[in-house]
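**Student:** The structure follows.
Please treat every number below as a calculation from the coordinates, not as lab data. Note that the coordinates shown come from a computational prediction; the quantities given were computed from them, not determined experimentally. Glycine also receives a Cβ, built like all others from the backbone with ideal geometry; neighbour counts cover every protein chain displayed.
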There are 2 protein chains.
Amino acid sequence: MNVSDAIRLKRAVREFKPEPLPAETIDAILNAGRRSQSSKNSQPWHFIAITDKTVLKRLSECGEWAGHLAGAALGVAILTPDPTAKFQTMFDAGQAAAFMQLAAWELGVGSCPASIYEPEKARQILEFPAELWLCIALSFGYPADSRSLSRLPQKGGRVDLKEIVHWNHW
Amino acid sequence: MNVSDAIRLKRAVREFKPEPLPAETIDAILNAGRRSQSSKNSQPWHFIAITDKTVLKRLSECGEWAGHLAGAALGVAILTPDPTAKFQTMFDAGQAAAFMQLAAWELGVGSCPASIYEPEKARQILEFPAELWLCIALSFGYPADSRSLSRLPQKGGRVDLKEIVHWNHW
């Protein structure tokens, strides 16, 4: 599958089959995040890869819309330095997340980001140090409905290009 | 080219051929950004697509390492709401930037992000409204050295997976 088709067809998946992901698939997903570019190659991330269902369930309770983590075969918590200190930090986390999710999609694995609105609760669950923050975790797993992985763009899904693109100035 | 190869081989490109990009290539790049997912599908971005060399030159002077914008065939300024208000904003901008850059790479087009450290100067150049911010602009163009677009991963480029991945907890 080429890149442009992946970008065009990939859909967020929030409901997963219970089956685990093969170790090589998990490795491929994490490696895609590791390979992502970052400001001055700072690689400002640690990834906590979570397959323990108890941990996933507890983490799913750290954000109002994070419930999909409970059913994921794999959760990836993206830890960063203080995200308010540099605008590049969350930008780079987003680039790494996009790479992980596209790489997963190519392997038939669905995914969705979850905002962690209770970072201190998450810190207690995952036991990461005070100098790191957790804003976003990703759910991964084989989609409960395999048709949900890909879909042709639908009307109303994204605004038209002409509404968001300006030429040479605003 | 499949997604995993694109992620593995893609390198940042900062020096470009002077030739312009075809309109359909620019459209494909912008569409990849438009198609990117965002928190609650908020699509929190406007893109200023810049091909005017005078504008690119002026924008390249808005950040210490933004010089590569001056030689780009296309610059894309990613405008967002106040990035300090929600951690999702720059995360989503990063996802859109990753999609644009991967889509460009597949078309033989190199790219690199530039941090805009002088946003008010950039605002005067691009004339965007006060409720929008500019933190990152992307350079695009055919690479001056076509070998710079792709390269096998080199030792020292990224830290090992085992240094950044933790299993189930820190």
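**Student:** Please compute the contact order of chain A in relative form: average sequence separation of alpha-carbon pairs under 8 Å and at least six residues apart, divided by the residue count, as a percent.
**Tutor:** Relative contact order comes out at 33 percent.
**Student:** Now for a separate question. Restricting to Cα pairs below 8 Å that are 6+ residues apart, what does the relative contact order work out to for region A:66-163? Please round to a whole percent.
**Tutor:** Here the relative contact order equals 39 percent.
**Student:** In nm to one decimal, list the spacings between the A:Asp27 label point and its equivalents in the other copies, with label points set 7 Å along Cα to Cβ, shortest first.
**Tutor:** Its label point is 4.2 nm from the equivalent points in the other copies.
**Student:** Mind ranking A:131-142, B:43-54 by how tightly packed they are, going by the mean number of other C-beta atoms within 10 angstrom, highest first?
**Tutor:** A:131-142, B:43-54
**Student:** Next question. Taking beta carbons within 10 Å but only from partner chains, what does the mean come to for residues A:4-13?
**Tutor:** For this peptide, the per-residue mean of nearby foreign Cβ atoms is 5.
**Student:** Per-residue mean of other chain beta-carbon atoms within 10 angstrom of the beta-carbon, peptide A:98-107?
**Tutor:** 5
**Student:** Any idea how far apart B:Glu15 and A:Gln154 come out in nm if each label point goes 7 Å out from Cα toward Cβ?
**Tutor:** Label at B:Glu15, label at A:Gln154, 4.8 nm between them.
**Student:** Further question on the same structure: For chains A and B related by rotation, which residue of A has the Cβ nearest the axis, and what is the rounded distance in Å?
**Tutor:** Closest Cβ to the A-to-B rotation axis, residue and whole-Å distance: A:Gly94, 1.
**Student:** What percentages make up the Cα-Cα pair-distance distribution of region B:25-106 when the bins are 10 Å wide from 0?
**Tutor:** P(r) for region B:25-106, in whole percents per bin: 18, 45, 34, 4.
**Student:** Here is a follow-up. Counting only pairs 8 or more residues apart or on different chains, how many lysine pairs in chain B have their Cα atoms under 19 Å apart?
**Tutor:** So the count works out to 6.
**Student:** Let me ask something else. What ranking do B:12-22, A:94-104, B:81-91 get when scored by the average of other Cβ atoms within 10 Å per residue, highest first?
**Tutor:** Output ranking for B:12-22, A:94-104, B:81-91: A:94-104, B:81-91, B:12-22.
**Student:** Given N residues in chain B, what is Rg(Cα) / (2.2 N^0.38 Å)?
**Tutor:** Rounded to two decimals, the normalised Rg is 1.06.
**Student:** Divide by every residue of chain A the summed helix terms, -39500 (n - 2.57) for each DSSP H run of at least 4, and state the resulting mean residue ellipticity at 222 nm, rounded to the nearest 500 deg cm²/dmol.
**Tutor:** -10000 deg cm²/dmol, from helical runs alone.
**Student:** Sticking with this one: To the nearest Å, what is the center-to-center distance of region B:129-152 and region A:70-101, using C-alpha atoms only?
**Tutor:** Rounded to whole Å, the Cα centres lie 21 Å apart.
**Student:** Take peptide A:33-41, look around each residue's Cβ out to 10 angstrom, count Cβ atoms belonging to other protein chains, and average those counts.
**Tutor:** 6
**Student:** Among the complete DSSP H segments of chain A, which ones combine at least 27 Å of alpha-carbon extent along their axis with a mean Kyte-Doolittle hydropathy of 0.0 or more?
**Tutor:** A:87-106
**Student:** Treating the protein assembly as shown as a set of equal point scatterers at the Cα positions, no solvent, please give the Debye-formula log₁₀ I(q)/I(0) at q = 0.09 Å⁻¹.
**Tutor:** Log-scaled intensity ratios, in q order: -0.44.
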